[in-house]
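Below you'll find the structure, written out as structure tokens, and then a few comments.
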Amino acid sequence: MSKRTIVTMPGDGIGKAVLDETLRVLDAAGFEADYVEGDIGWEFWKKEGDPLPQRTLDLIAKHKIALFGAITSKPKDEAFEELAPELKEKGLVYSSPIVGLRQHFNLEICARPCKTYKCNPLNFIKRGKDGDIVEPMVDVVIFRQNTEGLYGGVEWSNPDAKVYDALMSHPKFKKNFGHVPVEEVSVSTRIFSKERTENILRAAFDHAKEYGYKSVTLCEKPNVIRETSGMMYKMALEIQKNDYPEIELWNTNIDAQMMWLTKVPEDYGVIVAGNMFGDIVSDGFAGLIGGLGFACSAQWSKDGIAVFEPTHGSAPKYADYDTSIVNPMAMIESACMMLDFINEKEIAVKIRKALADVIEEGKVKTYDMMKMRGKADVVKNGAASTKEMADAVIAKL
């Protein structure tokens, strides 16, 4: 049987460091694959005017599965200033390559697990009713619609006449914004389609059913955003009633959810939301399990194309350190999600057990786990480097 080929995309900043160490862990765990590197990120924007070259899209289309490190994104004007001089007259506009990747391949389903590791010094704690310290065990998976909503990219500044006239046909726009000069108007849309809304809802319920979660929580704002959130809630009610009656459907508004996740995070199982609210709530829950250094994710299409990435950014301020200090756990966990997806579950279990053993033993900790500021001297002061943390996981394997 031939080896599977995985597309690796280090991206920007710390992406290469965490991805390289993750590949070492995969190799030590017995996962056999060929890796081919795809170009993506800021350097390709500056040199080529395209942070997501067609050659990379072709690689992913061919091999289907990709591991992605991290990306740097900057506002439009800053991005333009960093273009190579010969590209500045071509009318190029920067857009996030990871968002482009999601939309190109319709990676509409995004899953972000947030699960407590025993003895992680960064775990969330609270006071019990008798004043004792309680460390709730969080085991939440956020399902986020990945291609629509506020991140859909349908936006205008100083909209043209057709768009402005269409907006003016809505009585609330005319009443509240009709007096604003058109050149002072910027508009970002929040578009939900029924097909993709149903897909993310069913993905959430299917996961809850497969892994024994008792509830699915819809985290939106249907009392205010009545058309999009309202449609999603109505569809969730129908799907739960008809196809998943054994799983409870809970409904929380995004603002209230951010309060409840620090009061009773252990009560929640699967959470489902649109793009922006799913992004917000997943970062909130990630904070309860140690922060973005432990936050992994998967995104896939109905055609079987899938990209696995940590949810942290490129952290460029750390990228130039002589010794990489960042925590590779999120990238390693993302690789475990990849292994689950391609039915290499036994290897994923081995790696997760090794991660858990390292954390519980507590002898090797990255700077964030030691609650240090992320400075270049943390390794001299006892923190593990990125490589040393991967070494510890490999030793447990």
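The values are calculated or read from the model by the stated rules, or taken from the named source; none is laboratory data. Quantities reported herein were computed from a predicted structural model and do not represent experimental measurements. Glycine also receives a Cβ, built like all others from the backbone with ideal geometry; neighbour counts cover every protein chain displayed.
Out of the helices (runs of 4 or more DSSP H) lying entirely within region 319-397, which hold 2 or more residues that are in contact (Cβ under 8 Å) with a residue 40 or more places away in the chain, among the aliphatic types (A, V, I, L, M) and within 28 Å of G304 (Cβ to Cβ)?
329-341, 345-361
Could you check how many residues of region 239-283 are more than 21 Å from S297 (Cβ to Cβ) and outside any strand (DSSP E or B)?
Number of matching residues: 18.
Quick one: would you say E89 is loosely packed, with under 15 Cβ neighbours inside 10 Å, of a type in the set (D, E, K, R) and farther than 16 Å from G313 by Cα?
Criteria met by E89.
Just checking, which of S334, S324 is out of contact with any strand residue (DSSP E or B) (no Cβ under 8 Å at 6 or more places or on another chain), of a type in the set (G, A, S) and in the same structural domain as G69 (by TED's automatic domain parsing)?
The unique qualifying residue is S324.
Scan region 352-371 residue by residue and report those that are buried (at least 19 other Cβ atoms within 10 Å of the Cβ), in contact with a Lys or Arg (Cβ under 9 Å, 6 or more places away or on another chain) and not hydroxyl-bearing (S, T, Y).
Hits for region 352-371 are A354, L355, V358, I359.
If I go through region 173-201 residue by residue, how many of them are under 21 Å from M231 (Cβ atoms) and free of Cβ contacts under 8 Å to residues at least 40 places away in the same chain?
5
With respect to G278, determine if the residue is touching a residue at least 12 places away in the same chain (Cβ under 8 Å) and surrounded by fewer than 23 Cβ atoms within 10 Å (Cβ to Cβ).
No: the conditions fail for G278.
Say whether the condition of being at pLDDT 95 or above, under 17 Å from the mean Cα position of the chain (by Cα), assigned by TED's automatic domain parsing to the domain that holds L355 and of a type in the set (V, I, T) is met by at least one residue in region 11-32.
yes
Is it fair to say V154 is surrounded by fewer than 15 Cβ atoms within 10 Å (Cβ to Cβ) and among the β-branched types (V, I, T)?
Yes.
For region 103-138, enumerate the residues that are modelled with pLDDT of 95 or more and either closer than 22 Å to E220 by Cβ or of a type in the set (S, T, Y) (or both).
Within region 103-138, N106, L107, E108, I109, C110, A111, R112, P113, C114, T116, Y117, V138 meet the criteria.
The conditions are (1) in a helix (DSSP H, G or I); (2) more than 30 Å from D243 (Cα to Cα), and R196 fails exactly one of them. Which is it?
Against the list (1) in a helix (DSSP H, G or I); (2) more than 30 Å from D243 (Cα to Cα), R196 comes up short only on (2).
I need the full set of residues from region 149-158 which are closer than 21 Å to F192 by Cα and over 15 Å from the mean Cα position of the chain (by Cα), in order please.
Answer for region 149-158, where residues must be closer than 21 Å to F192 by Cα and over 15 Å from the mean Cα position of the chain (by Cα): G149, L150, G152, G153, V154, E155, W156.
In region 51-147, which strands (runs of 3 or more DSSP E) lie fully inside it and hold 3 or more residues that are among the hydrophobic types (A, V, I, L, M, F, W, C), more than 15 Å from the chain's Cα centre (by Cα) and outside the structural domain of Y211 (by TED's automatic domain parsing)?
Fully inside region 51-147 and qualifying: nothing.
Consider G41 against the criteria (1) buried (at least 16 other Cβ atoms within 10 Å of the Cβ); (2) of a type in the set (G, A, S); (3) at negative phi: it satisfies all of them except one. Which criterion is unmet?
Going through the list (1) buried (at least 16 other Cβ atoms within 10 Å of the Cβ); (2) of a type in the set (G, A, S); (3) at negative phi, G41 breaks only (3).
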